[in-house]
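The values are calculated or read from the model by the stated rules, or taken from the named source; none is laboratory data. Since the structure is predicted, the reported quantities are computational estimates derived from the model, not experimental observations. Don't worry about glycine lacking a Cβ; one is built from the backbone with ideal geometry, like all the others, and counts go over all protein chains shown.
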């Protein structure tokens, strides 16, 4: 009797069930949800970065209290007795949101360096929703910083009023949206953080100094008048000045010198037109940013 070698039975493994991934149908609600997620992400990053919160407040405070106090004696004659800190306060309200909005736009360059931007781009949503969410997030973060500067109004001789607070906050929100759109438009084409901050310093600081935040815009040299009129920040600083000076007891002669307004070829530009200029510029730059974002990698 011959012994036969028994072969072990091969057990067939059960097939692993496939996991079906379902993508929700595209709708306006999915786009709004994408905007909300991007907006919320910016807020979470801002709240968790306390060093950034403090750093973005240092420069406006230096301009307001150090520069304003240091040059007070030198400029007392030209300001007709008005405190220099009171005069530059509207410009400081603008610069407080301007720098924070630009820093918010810088997160796009950061996300590109670390690969997170690519994950956002492959999401089943329109790229315009990502850009709009980023602009709303930057505007919200910047207005949070700007609200801190509103609290300093009594320290520079500006009394509180409901119209003042609401008006300042609305102008800051509009400016923050426009500057964030401008920053996103630039950040889409830049791949390194060092390059972005170099471009930011090259553009933002001249915009601030030329806008008339630190000096009256009347009787300027011709070349400076031209630069002032084409500076987008001018049309946010001037309404802010009018809003603040309307709430301060200033002699008519001093107001005429310190708040002359903006004119085009002799035509005095109304405040609503200035606000409309800032809004239109913001929408145009948002459109350019969306187009650039849609054609990027």
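Observations on the model:
- Taken over segment 189-202, the criterion of being within 17 Å of residue 231 (Cβ to Cβ) and exposed (fewer than 14 other Cβ atoms within 10 Å of the Cβ) is satisfied by 201, 202.
- Enumeration of residues in segment 208-239 that are closer than 19 Å to residue 71 by Cα, under 19 Å from the mean Cα position of the chain (by Cα) and without any contact (Cβ under 8 Å) to a residue 60 or more places away in the chain: 209, 210
- The condition of being within 26 Å of residue 135 (Cβ to Cβ), out of contact with any strand residue (DSSP E or B) (no Cβ under 6 Å at 6 or more places or on another chain) and surrounded by 18 or more Cβ atoms within 10 Å (Cβ to Cβ) holds for only one of 217, 278, that being 278.
- Looking only at residues of segment 105-114 that are more than 12 Å from residue 197 (Cα to Cα) and assigned to a helix (DSSP H, G or I), we find that the one that is nearest to the chain's Cα centre (by Cα) is 108.
- Residue that is surrounded by the most Cβ atoms within 10 Å (Cβ to Cβ), among those in segment 249-272 that are in contact (Cβ under 8 Å) with a residue 40 or more places away in the chain and outside any loop (DSSP other than H, G, I, E, B): 258
- From the options 79, 56, 100, residue that is buried (at least 22 other Cβ atoms within 10 Å of the Cβ) and modelled with pLDDT under 80: 56
- Subset of segment 220-233 [surrounded by 22 or more Cβ atoms within 10 Å (Cβ to Cβ) and touching a strand residue (DSSP E or B) at 6+ places or on another chain (Cβ under 8 Å)]: none
- Here residue 281 meets each of (1) over 25 Å from residue 159 (Cα atoms); (2) in contact with a helix residue (DSSP H, G or I) (Cβ under 8 Å, 6 or more places away or on another chain); (3) outside any helix (DSSP H, G or I) with one exception, condition (3).
- Residue identified as at pLDDT 90 or above and within 20 Å of residue 170 (Cα to Cα) among 248, 271: 271
- Any hit, segment 148-169, residues being in contact (Cβ under 8 Å) with a residue 12 or more places away in the chain, within 30 Å of residue 111 (Cα to Cα) and surrounded by fewer than 20 Cβ atoms within 10 Å (Cβ to Cβ): yes
- Considering residues of segment 115-137 that are touching a residue at least 60 places away in the same chain (Cβ under 8 Å) and assigned to a loop (DSSP other than H, G, I, E, B) only, the residue nearest to the chain's Cα centre (by Cα): 126
- Only listed residue being at pLDDT 85 or above, assigned to a loop (DSSP other than H, G, I, E, B) and touching a helix residue (DSSP H, G or I) at 6+ places or on another chain (Cβ under 9 Å), chosen from 167, 212: 212
- Condition check for residue 130: closer than 18 Å to residue 283 by Cβ and either modelled with pLDDT of 80 or more or in contact with a helix residue (DSSP H, G or I) (Cβ under 7 Å, 6 or more places away or on another chain) (or both): yes
- Set 236, 289: member being assigned to a helix (DSSP H, G or I), at pLDDT below 90, in contact with a helix residue (DSSP H, G or I) (Cβ under 6 Å, 6 or more places away or on another chain) and surrounded by 14 or more Cβ atoms within 10 Å (Cβ to Cβ): 289
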